[in-house]
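See structure below.
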Amino acid sequence: MNLKRRAALTGTPKDKDKLELTHDVICAQSILFFLAGFDTVQSLLLFVSYQLAISREIQDKLAEEVVQSLKKNGRTLTYESINGLEYGQICFG
């Protein structure tokens with residue numbers, strides 16, 4: 001609540017020329033951005049992990065694609081090789 005009052009004191013959306021970003025507002029926005037991103041990533045990873053755990057066929061198909069990619073790229077996992085996983089993109093979409 002205190003951050004909201006401080007932000008309101010430094011400017012309003014109607015007064016865009018006088019709107020200031022205080023240290024407290026920047027910190028609050030950063031924390032909100034981090035937590036919002038964390039929650040969505042956590043939900044996605046949890047759902048995909050669960051689906052892989054209950055479906056052996058999907059798990060095997062994804063694992064085979066990863067093994068093939070590693071063989072093709074000299075056993076190195078790179079950003080490009082991960083983006084090249086067609087079935088992986090479907091799973092993690």
Positions within the stretch 49-66 being surrounded by 12 or more Cβ atoms within 10 Å (Cβ to Cβ) and over 11 Å from Y87 (Cα atoms), in sequence order: Q51, L52, S55
The lone exception for R75 - which of (1) in contact (Cβ under 8 Å) with a residue 12 or more places away in the chain; (2) exposed (fewer than 10 other Cβ atoms within 10 Å of the Cβ) it fails: (1)
Close pairs (8 angstrom Cβ cut-off, 6 or more residues apart or separate chains): among the acidic types (D, E) in the stretch 58-72, surrounded by 12 or more Cβ atoms within 10 Å (Cβ to Cβ) anywhere: E65/L85; E65/Y87; E65/G88
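Computed from the coordinates by the stated procedures, all read-outs in this text should not be read as laboratory data. On a predicted model such as this, the values are computed, not experimentally measured, just so you know. Every residue, glycine as well, gets a Cβ built from its backbone with ideal geometry; the counts of neighbours run over all protein chains shown.
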